[in-house]
1. With θ set to phi - 60° and the Karplus curve 6.51 cos²θ - 1.76 cosθ + 1.60, what are the ³J(HN,Hα) couplings of region 427-444 in order, to the nearest whole Hz, using x for Gly and Pro?
2. Can you list residues whose amide H is under 5 Å from Val112's amide H, if they're 5+ apart or on another chain and H is modeled 1.01 Å from N?
3. Give the percent of DSSP beta bridges with both residues in region 28-172 that are antiparallel, rounded to the nearest 5.
4. Computed from the coordinates I sent, volume of the Cα convex hull per residue in Å³ equals one of [x] 153; [y] 180; [z] 215. Tell me the label.
5. Among Pro415, Tyr364, Ala202, whose Cα lies farthest out toward the positive end of the dipole of the chain, if unit charges sit on the beta carbon of Lys, Arg (+1) and Asp, Glu (-1)?
6. Could you work out the relative contact order of the chain? I mean the mean sequence separation of Cα pairs under 8 Å and 6+ apart, divided by the number of residues, in percent.
7. So what J values fall out for region 281-291 if you push phi through Karplus, 6.51 cos²θ - 1.76 cosθ + 1.60 with θ = phi - 60°, rounded to Hz, Gly and Pro as x?
8. Residue-wise, which Karplus ³J(HN,Hα) couplings in Hz belong to region 381-392, taking 6.51 cos²θ - 1.76 cosθ + 1.60, θ = phi - 60°, and x for glycine or proline?
Amino acid sequence: MVKRGAVLLAVGAISVIAFRAWDSQQGRPLAPWNTFVPDELRADELDRADWDAYLRAEDAAFASVEREVTAELDPADRVPSNRYFDGSPLHPSRFATNWNRSFALDPDGPPVGAVVMLHGLTDSPYSMRHLAERYRAHGFVAIAIRLPGHGTVPAGLTEAVWEDWRAAARLAVREAVRRSGGSVPLHLVGYSNGGALALQYALDALDDASLPRPARVVLISPMIGVTRFARFAGVAGIPAIFPAFAKAAWLDVLPEFNPFKYNSFPVNAARQTHLLTTVLQAQIDRQARDGRWTSLPPILTFQSAVDSTVSTSAVIDVLYARLPANGSELVLYDLNRSASFGPLLRPAAGDALDAMLPARPRPYRITIVTNESPESSAVVERSAEAGALDERSRPLGLAFPRGVFSLSHVALPFPIDDALYGLAPDPSEDFGIRLGAISPRGERGVLVTSLDSLLRMSSNPFFAYQAARIEETMVTSP
């Protein structure tokens, strides 16, 4: 019986791998940006490096992409929709600032604080630019580091590991402390995968006295938990050990028309997020159980109630359920309850918020940004203080834009007038395309991308509120 079960299991595994090998050969072939991997500093090198050394290595990585990818493109790849074609309006070299690169902003006067900003997976420091400027205006040194494997070519993520990102975050903190003098409050801001790294750094600092401790942590759509598929993503890449099935190392091979974010997605990227969140959740369990969290700084988190990239329930159940009463807050963006999509909404989506929230009282403040009424697109802030049984409501003077039924994972760091992702982009800046303002209507198969990627909300109509809430932490830091 056992032998028969083992045989069936082996046959099943072989069938799955064989199907994956076949399926991986469908669609677009691998392009140079899917095969060339720039040299990057690894974790042990990052732990010994300073900011200038990292920037030199970054310069070399970008130069190698220009030399090995851009200069060697086939004629078929020299098209306007390819960010790696130097004649494309999307090629970052034509912009006043290449936001794929690490950047540092210094205040006009003596620093009153320092902030390290960590972007998300497949992302770039571009997603941190708007908040970085807010911090700088408040007198903070702002350091936004490009995490290894990002900003160059998607193939960079086929070899990057989460330990490299963790070491890069530590390097960025060292530079922030150096520039600010080290006697001012340190803040951490993390978006998506960067949220996991920001939280991990704060937890590491509880165990390691040599690491400067942050005074505040701000998380935006943090990757505390990921989908179950990420756990098994490594299996999807097994056929890639054979050169003929190299495409199996990729979950998506897509046109690269976004100047500051990869569209293609390698198996290794999913695997690394699973490994990172597994380590992080174990660290949360251990430190919370050992009573180390009494020294944890206040955490302010912004999260969409519906998020197809990270687990909203993990933010609540894994992180916030264990927090001490230290002034932390969770801000949740609800669905647009007044949108005329009612019959089309999945019941689980409409009920998601109520199902996730624990009963009051809670040891942290919770705020829900939601409709003033089912008939109104105007939004209010409904807040329950830590330890309180009641909640208070106040109007925000903001509203869901017409046709928007919810925010999304990728929307939160970008204002509505972001030149690339905004619904109403700022015309003074041009990145070759207005991705957030496209409202496609037409026939299938005409555009170089799927309609799904264009329909997803890519900017935050409540960014002004979000930025103001973050600015509160800048002036109330201990």
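1. x, 6, 10, 9, 10, x, 7, 10, 4, x, 9, 6, 10, x, 9, x, 8, 5
2. It is Phe140, Val141, by chain and number.
3. Values: 3 of 9 bridges.
Approximately 35 percent, going by the DSSP bridge assignments.
4. Working out volume of the Cα convex hull per residue in Å³ from the coordinates points to [y].
5. About the Cα centre, the residue reaching furthest to the positive side is Tyr364.
6. Across the chain, relative contact order equals 13 percent.
7. 5, 5, 5, 4, 4, 5, 5, 5, 5, 7, x
8. Ordered by residue, 3J(HN,Hα) equals 9, 9, 10, 10, 5, 4, x, 8, 9, 9, 10, 10 Hz.
Just so you know, all these numbers are worked out from the coordinates, no wet-lab data involved. Predicted, not measured: the structure shown is a model, and the values here were computed from it. In this analysis, Cβ positions are derived from the backbone assuming ideal geometry, glycine residues included, and neighbour counts consider all displayed protein chains.
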